[in-house]
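Undergrad: Got a structure for you, written out below as structure tokens; questions coming shortly.
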Amino acid sequence: MNDIARPILAPMMARPSRAYRAVCVALGAVLLWSMLAWAWQIAYGLGETGLNTPVFWGLYLVNFVFFIGISHAGTLISSILRITDTAWRRPFTRLAEAITVFSLPFGATCVIVDLGRPERLFNVIFYPHFSSAILWDVVCISTYLITSILYFYMALVPDIAVCRDRLTGASPFRRRVYRGLALGWEGTESQHRMLSRIMTGMSIFLFALVISVHTNVSFVFGMTTKPGWHTPLISPFFVLGAIYSGVAAVIFFAVIFRKIFHLEAYLTPRHFNSCAKFLLALCCFWLYAMIVEHLYGFYGKETAELAVIEAKFSNPLFWIMFTLCFPVPFVILAVPRFRTIPNLFVMSILVNIGMWMERYEIIITSGEHPYLSWGTGRYSPSWVEWSITAGWFAGFALLLLIFVRWFPALTLWEVEEEKHEAPATALPEGVKA
Amino acid sequence: MGRITKVIAGWALGLSALASCEDKEQPIAFPHAKHVALKMECVSCHTGARDQTHAGIPWIHSCTPCHRLDRPFPKTPPELLEYINAVKEIPWLQVHRAPRHVYFSHRRHVAVAGIDCAECHGDVQSMDRPFSRPMFPAGQAGMDRCIDCHRKERVTTDCLACHR
Amino acid sequence: MVRWGMVIDLDKCSGCQACGVACAAESNVAPGSPREAWKGRLIRWLQFLPQAEGTYPNVAAALQPMMCQQCDRPACTYVCPVSATYPNPQGIVAQIYWRCIGCRYCINACPYTTKWFNWWEPQWAGNTAKATNPDVELRQKGISEKCLFCSHRLQRAKERARAERRPLASHEYVPACVEACPTGAIVFGDLEDPQSEVSKLARSPRAFRVLEELGTKPKVIYLKST
């Protein structure tokens, strides 16, 4: 126990470095600025965005889908891989869950920012209309948020107990927080058994939830008659894209925290290698879905649908997106020699930029090309939209940074399990001892 | 859910009622009670109540047929006399006002449905002064009140029938 | 039960756009500014879809007046999370401005793009806001709006008929665009009544509905120009 916890706990007690504080202040400033931009938008109306008559949904919806998307990685890595008891998940689970919990609020608020009348938000609860996908989005996402917070917290309890016992030098307030949140965890046999039962149960529930949440997010688009959106393929593609960008996001943050907290001993190249293979599979699936979706459009030969596809293919943004989402990551992930941690880091950034652009392409291009010919329009986001986007990303990063100073960035008890199972993991992949 | 709705709605209504609570000082302390006691009907002064959207606020010529200098009865109070002599309108303050997004028509309710004025406006016949604030029997005239009655009377509850 | 509908004869339509002006005046649609027009944010409940007819070199341009198509199976009402838009019993697709949360889902769902969003507070120059139609609300920023077949006129007409204890005659309820059309190209009435002019015209072989293949069943029916 000692040798695992010490290097992880040590930086939590050290005085934050100047760089850390500078980054936090910068992120906080961006978040504050975005709040001002939002206030501006509320005061003057959605006219302050770049939206116009055919393009009714823009950057906010892109961010909504993106944030909800990366939140799925967390659940996927920690729940599905927990159910299947995949060994390499262990050092990633905490980060993945943290990404889920911290990206979800920003994803959910994107929709509120997008409302013309945010003060009437609760009409959705008071006067619900059950055939609307937005209503079910509210239901799904709030369920998801609550469940994933609980799940995250459950896995955190034993580690908070470690903090409570070991971080005796912490400030009284912080110690009180640890004492409260540890819920009297003693690490007894029965407590461990109960925890593992809860985690398994919640894992299964969350797995179903992840699929349904992102399917519902896709319903918001798919349940309209808009060309380009109105296809049943949009749902599986959304789920897949969500997991793809989410796993990349986990790699991104894992590399960063590995560096900051010197976790080289726990987040080994072997872990990254396994995660990269997983991502490779997702990458290939993504290409498959991409091709199938457009093939359907082509063979349907519907004028409006073709107009959207044509617009996509003639837009350089689409090809940049495609390059970032498939060829580049494919080469890095498929060739073992390229599967180095710095490469994976760069790739994870590119994939996330690419996936963000993919959502942009889906939402904006269809918006610009409605059925009837008068509606073709152009959309370019305004400063308000960019500010809020920047602020939401900054807020997400800020929450993560604050979190890792207060709580262990690795799931100590799971990493410890891995150490005990060392002989098993030494065997080749897929072979159980 | 309904209860939560009501609590929040009630809270919001309460706040708005607090905000609009200040009494309006009417120019003349018009005694409704005395006039009703003389067998006057509401529509003889609020002329639009039966066949128009707005019931209307009486103008000075609603008073002059009876309040005449050459008659000992009815007694004409000096403040009314001033207005009559100057042939000036009494600057009544409008108290009851339907919001602009609501289409409330008196004709619908009085002429078509035959609802008694007191049903909504309460015991005006015993009031010895004009309205100084919106008053409806049993609280506010919110949408709940409209809907309750519309349901009870089995008339339309289509939003478009009243909202515009 | 009545089902209000409209037939627009594109043969009779001269493209004068008087209906659009009448509509904007009747429904208190703010004139809008050059800035809004430039941004593509003008609100016009009744718009004109440019159509090119014939093949080169015998090409004729035409304008097809398009308002909310008042679908029998509207795509917009299914998706509204708060029932701010719904098909009412007389077949008018309603929009309740004070319920609307401004999510623009309905506008995106509408295949005709004939719903509008108030990106800004509508601007009324000088005192013109006071000269607007008192029967129609002045909208506020952040909500969507659309043609309601001048349903306030229906309310008025119904009320008058009931107060006079007689049934509503169909000529009593006529939307502003129909009234303004100088060529009589727009006909309005009850589609359920087989004797009404509108339902006779709707059965004409020239009749078509826009994007009929989507199955939204619009109650605005066009007569092909011959």
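No lab work stands behind these numbers, since they all come straight from the coordinates. These numbers were taken from a predicted model, which means no experiment stands behind them. Positions of Cβ are backbone-derived with ideal geometry, glycine not excepted, and every protein chain shown enters the neighbour counts.
Undergrad: Would you be so kind as to identify which of C:GLN70, C:ALA24, C:GLN140 lies farthest towards the positive end of the dipole of chain C, taking Lys and Arg as +1 and Asp and Glu as -1 on Cβ and the Cα centre as origin?
TA: Of the options given, the answer is C:GLN140.
Undergrad: Hey, another quick one. Calculate the mean, over all residues of peptide C:92-100, of how many other protein chain Cβ atoms lie within 10 angstrom of the residue's Cβ.
TA: The mean count of partner-chain Cβ atoms within 10 Å per residue comes to 5.
Undergrad: Taking only Cα atoms, what is the 0 to 90° angle, nearest 10, from helix B:2-19's long axis to the longest principal axis of chain B?
TA: 30 degrees
Undergrad: Per-residue HN-Hα couplings for the range A:273-285, Karplus 6.51 cos²θ - 1.76 cosθ + 1.60 at θ = phi - 60°, whole Hz, x for Gly and Pro?
TA: Here the 3J(HN,Hα) series is 4, 5, 4, 5, 5, 4, 5, 4, 4, 4, 4, 5, 4 Hz.
Undergrad: Charges only on Cβ, +1 for Lys and Arg, -1 for Asp and Glu: so what's the dipole of chain C about the Cα centre, in debye to the nearest 20?
TA: Working: 28 positive and 20 negative charges, 88 e Å.
Using Cβ point charges on Lys, Arg, Asp and Glu, chain C gives about 420 debye.
Undergrad: While we're looking at this one, here's another question. Taking the dipole about the Cα centre of the protein assembly as shown, with the C-beta of Lys and Arg at +1 and of Asp and Glu at -1, give me whichever of A:PHE326, A:SER314, A:LEU206 is farthest to the positive side.
TA: A:LEU206
Undergrad: Now for a different question. Give me the one-decimal nm value for the distance between modelled label points at B:HIS61 and B:THR157, 7 Å along each residue's Cα-to-Cβ direction.
TA: Those two pseudo-labels are separated by 4.5 nm.
Undergrad: Can you give me the distance in nm between label points at A:ILE349 and C:TRP124, each placed 7 Å from the Cα along the Cα-to-Cβ direction?
TA: The answer from the label model is 5.4 nm.
Undergrad: Excluding residues fewer than 8 places away in the same chain, name every one of the lysines whose C-alpha is closer than 29 Å to that of B:LYS88.
TA: Result set, ordered by chain and number: B:LYS24, B:LYS34, B:LYS39, B:LYS75, C:LYS130.
Undergrad: If you place +1 on the Cβ of every Lys and Arg, -1 on the Cβ of every Asp and Glu, and leave all else neutral, what size is the dipole of the range C:117-226 about its Cα centre, to the nearest 20 Debye? Don't skip to the answer; put the middle values down first.
TA: Details: 18 positive and 14 negative charges, 20 e Å.
Dipole of the range C:117-226, to the nearest 20 debye: 100 debye.
Undergrad: Now for a separate question. How tilted is helix A:341-368 with respect to the longest principal axis of chain A? Cα atoms for both, answer in degrees (0 to 90, nearest 10).
TA: That helix lies at roughly 30 degrees to the long axis.
Undergrad: Would you work out the relative contact order for chain B, in percent, from Cα pairs under 8 angstrom that are 6 or more residues apart?
TA: Reported relative contact order: 31 percent.
Undergrad: Mind ordering B:52-63, B:81-92 by average Cβ neighbours within 10 Å, highest first?
TA: For the peptides B:52-63, B:81-92, the packing ranking is B:52-63, B:81-92.
Undergrad: Using a cut-off of 14 Å between beta-carbons, work out the net charge of the residues near C:TRP120 (Lys and Arg +1, Asp and Glu -1, C:TRP120 not included).
TA: +2
Undergrad: How would you order C:176-188, C:95-107, C:124-136, B:97-109 from highest to lowest mean count of nearby Cβ atoms within 10 Å?
TA: Answer by packing, highest mean first, reads C:95-107, C:176-188, B:97-109, C:124-136.
Undergrad: What dipole magnitude, in Debye to the nearest 20, does the protein assembly as shown give about its Cα centre under +1 on Lys/Arg Cβ and -1 on Asp/Glu Cβ? Walk me through the intermediate numbers first.
TA: Details: 81 positive and 63 negative charges, 194 e Å.
The calculation lands at about 940 debye.
Undergrad: On to the next question. Quote the FRET efficiency, to the nearest 0.05, computed for A:THR86 versus A:SER314 with a Förster distance R0 of 35 Å and r equal to the Cβ-Cβ distance.
TA: Calculated value: 0.25.
Undergrad: Where the centre of each part is set by its Cα atoms, how far does the range C:82-103 sit from the range A:75-109, in angstrom?
TA: Distance between centres, Cα-based: 41 Å.
Undergrad: Given axes a ≥ b ≥ c from the Cα gyration tensor, I'd like to know whether the range C:1-131 is rounded (a/c under 1.5), prolate (a/b larger than b/c) or oblate.
TA: Judged from the Cα gyration tensor, the range C:1-131 comes out oblate (a/c at least 1.5, b/c at or above a/b).
Undergrad: At a Cα cut-off below 27 Å, give the lysines reachable from C:LYS224, other chains included and same-chain residues fewer than 8 away excluded.
TA: Partners within reach: A:LYS226, A:LYS301, C:LYS12, C:LYS115, C:LYS146, C:LYS200.
Undergrad: Under 1.5 on a/c is rounded, so check that first for the range C:4-223, then, if it is not, pick prolate when a/b is larger than b/c and oblate when it is not; a ≥ b ≥ c are the square roots of the alpha carbon gyration tensor eigenvalues.
TA: Details: a/c = 1.36, a/b = 1.08, b/c = 1.25.
Rounded.
Undergrad: For the range C:4-223, give me the percentage of DSSP beta bridges that are antiparallel, rounded to the nearest 5 percent. Can you show the working numbers first?
TA: On the way: 19 of 23 bridges.
Just about 85 percent of them are antiparallel.
Undergrad: For the pair A:SER212/A:ILE291, report the inter-label distance in nm, with labels modelled 7 Å from Cα in the Cβ direction.
TA: If labels sit at A:SER212 and A:ILE291, their model points lie 3.4 nm apart.
Undergrad: A follow-up question, please. What 222 nm value per residue comes from the helices of chain C, counting each DSSP H run with n ≥ 4 as -39,500 (n - 2.57) and dividing by all residues, nearest 500 deg cm²/dmol?
TA: -5500 deg cm²/dmol
Undergrad: Rounded to the nearest 10 degrees, what's the angle between the helix A:18-44 long axis and the longest principal axis of chain A, both from Cα atoms, 0 to 90?
TA: Once rounded, the angle reads 30 degrees.
Undergrad: B:VAL95: net charge of surrounding residues, Cβ under 9 Å, Lys/Arg +1, Asp/Glu -1, itself excluded?
TA: Charge balance near B:VAL95 sits at +3.
Undergrad: With both partners inside the protein assembly as shown, how many of the DSSP beta bridges are antiparallel, as a percent to the nearest 5?
TA: 85 percent
Undergrad: What percent does the relative contact order of the range C:4-223 come to when contacts are Cα pairs within less than 8 Å and at least six residues apart?
TA: Taking the mean separation of contacting Cα pairs over the length of the range C:4-223, I get 30 percent.
Undergrad: Can you tally the net charge around C:PRO74? Count Lys and Arg as +1, Asp and Glu as -1, for every other residue whose Cβ sits under 11 Å from the Cβ of C:PRO74.
TA: Every neighbour counted, the sum reads +4.
Undergrad: If you don't mind, there's one more thing I want to ask. Please list, in order along the range C:182-190, the HN-Hα scalar couplings obtained from phi with the Karplus expression 6.51 cos²θ - 1.76 cosθ + 1.60 (θ = phi - 60°), rounded to whole Hz, x for Gly and Pro.
TA: Once θ is set to phi - 60°, the couplings for the range C:182-190 become x, 9, x, 6, 9, 10, 10, x, 8 Hz.
Undergrad: For peptide C:115-124, how many partner chain Cβ atoms fall within 10 Å of a residue's Cβ, on average? Kindly include the intermediate steps, with their values, before the conclusion.
TA: Details: counts 2, 2, 8, 5, 11, 5, 3, 0, 0, 0.
Mean shielding by partner chains, rounded to a whole number: 4.
Undergrad: Using r as the Cβ-Cβ distance of B:VAL124 and C:ALA169, and R0 as 56 Å, what FRET efficiency do you calculate, to the nearest 0.05?
TA: That gives a FRET efficiency of 0.90.
Undergrad: Ok, one more. I'd like the mean, over residues of C:158-165, of how many other protein chain beta carbons sit within 10 Å of each residue's own Cβ.
TA: Mean shielding count: 4.
Undergrad: Would you compute, from DSSP H runs of 4+ residues alone, the mean residue ellipticity of chain A at 222 nm, taking -39500 (n - 2.57) per run and dividing by the full residue count, rounded to the nearest 500?
TA: -25000 deg cm²/dmol
Undergrad: Between C:ARG162 and C:MET1, what length in nm is gained on full extension when 0.36 nm per residue of separation is reduced by their alpha carbon distance?
TA: 56.3 nm is the gain from fully extending C:ARG162 to C:MET1.
Undergrad: In addition: With chain A treated as a Gaussian network of Cα nodes joined by springs under 10 Å, which of A:LEU398, A:LEU183, A:LEU333 yields the largest mean-square fluctuation?
TA: Result for chain A, Cα springs under 10 Å: A:LEU183 fluctuates most.
Undergrad: Can you classify the range A:310-369 as rounded, prolate or oblate using the Cα gyration tensor, where a ≥ b ≥ c are the square roots of its eigenvalues, rounded means a/c under 1.5, and otherwise it's prolate if a/b beats b/c and oblate if not?
TA: prolate
Undergrad: Report the FRET efficiency, 1/(1 + (r/R0)^6), for A:SER373 and C:SER33, where r is their Cβ-Cβ distance and R0 is 22 Å, rounded to 0.05.
TA: The pair A:SER373/C:SER33 has a calculated efficiency of 0.30.
Undergrad: I've got another one for you. Using the Cα centre of chain A as origin and beta-carbon charges of +1 (Lys, Arg) and -1 (Asp, Glu), tell me which of A:ILE388, A:ASN273, A:PRO105 is placed farthest towards the positive end of the dipole.
TA: Going by the charge dipole, the pick is A:ASN273.
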